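Visitor: Submitted below is the structure of interest, expressed as structure tokens.
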Amino acid sequence: MNNELFAAELIKQFSGIWPSLRATMRPEDVLQYQVQMIKALTETGLNTPEAIQQGFRKARTEGGQYLPSVPEFVRWCKVVHVEPSHKLLPRLEKTEATPEQKAKFIAELTAVAKGIR
């Protein structure tokens with residue numbers, strides 16, 4: 001997404017989320033906000049459509065009462081990659097039981113089964 005399209009989309013989306021935006025900010029302030037937002041997102045590498053959509057999603061769901069600061073919107077644009085918990089556990093080597101261990105296990109299992117009957 002080029003900078004001009006992003007700047008226009010930013011204000012369009014934010015005007016829908018915060019209807020008072022245009023009434024409370026002078027046009028030159030809106031322009032400066034757009035410029036700073038573009039710089040911040042470009043400097044952090046978050047000027048991709050996916051990251052920007054993530055930021056808009058957070059703005060709609062966590063936005064609060066006021067327009068976000070530039071750093072706050074940049075944080076919202078960061079896509080959080082969460083590792084599934086099973087990948088965080090240490091890997092255990094699978095070892096094959098020896099014939100003696102298998103026999104002992106079967107004997108213990110048989111004894112327990114007899115106690116249940």
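Here, each number is a calculation from the coordinates, and none is a lab measurement. Remember, it's a predicted structure, so these values are computed and weren't measured experimentally. In this analysis, Cβ positions are derived from the backbone assuming ideal geometry, glycine residues included, and neighbour counts consider all displayed protein chains.
Visitor: Only loop residues by DSSP count here, and only those with at most 15 other Cβ atoms within 10 Å; note down the chymotrypsin sites (Phe, Trp or Tyr not before Pro) in region 19-79 that meet that. Intermediate values should be presented prior to the final figure.
Guide: Working: sites: 33, 56, 66, 73, 76; in loops: 66.
Qualifying residues, ordered by number: 66.
Visitor: What is the chain's relative contact order, in percent, from Cα pairs under 8 angstrom and six or more apart in sequence?
Guide: On the way: 58 pairs, mean separation 27.7, N = 117.
Relative CO of the chain lands at 24 percent.
Visitor: How large is ³J(HN,Hα) for each residue in region 98-104, as worked out from phi by the Karplus curve 6.51 cos²θ - 1.76 cosθ + 1.60 (θ = phi - 60°), to whole Hz, x for Gly and Pro?
Guide: 6, x, 5, 5, 5, 5, 5
Visitor: Can you list the HN-Hα couplings for region 14-31, worked out from phi with the Karplus curve (6.51, -1.76, 1.60; θ = phi - 60°), rounded to whole Hz and with x for Gly and Pro?
Guide: Once θ is set to phi - 60°, the couplings for region 14-31 become 5, 5, x, 7, 10, x, 7, 3, 5, 7, 9, 10, 6, x, 5, 6, 4, 4 Hz.
Visitor: Related question: Fewest Cβ neighbours within 10 Å first, please rank 9, 96 accordingly. Intermediate results must be reported in sequence, preceding the final value.
Guide: Working: 9 14, 96 7.
In increasing order of surrounding Cβ atoms, one gets 96, 9.
Visitor: Would you mind ranking 20, 15 by Cβ crowding within 10 Å, fewest neighbours first? Show your work: numbers first, answer last.
Guide: Working: 20 11, 15 15.
Final ranking by Cβ density, sparse to dense: 20, 15.
Visitor: Taking θ = phi - 60°, what integer Hz values does the Karplus form 6.51 cos²θ - 1.76 cosθ + 1.60 yield along region 53-68, in sequence order, with x for Gly and Pro?
Guide: So the Karplus estimates, Gly and Pro as x, are 5, 4, x, 5, 4, 5, 4, 6, 9, 10, x, x, 7, 10, 4, x Hz.
Visitor: Could you give the Stokes-Einstein D for the chain in µm² per second, using the C-alpha Kirkwood radius, 10 °C, 1.306 mPa s?
Guide: Diffusion coefficient, whole number: 86 µm²/s.
Visitor: While we're looking at this one, here's another question. Taking neighbour Cβ counts within 10 Å as the exposure measure, how do 112, 35 sort from fewest upward? Provide the component values of the computation, followed by the final result.
Guide: Working: 112 9, 35 13.
Taking fewest neighbouring Cβ atoms as first place, the list is 112, 35.
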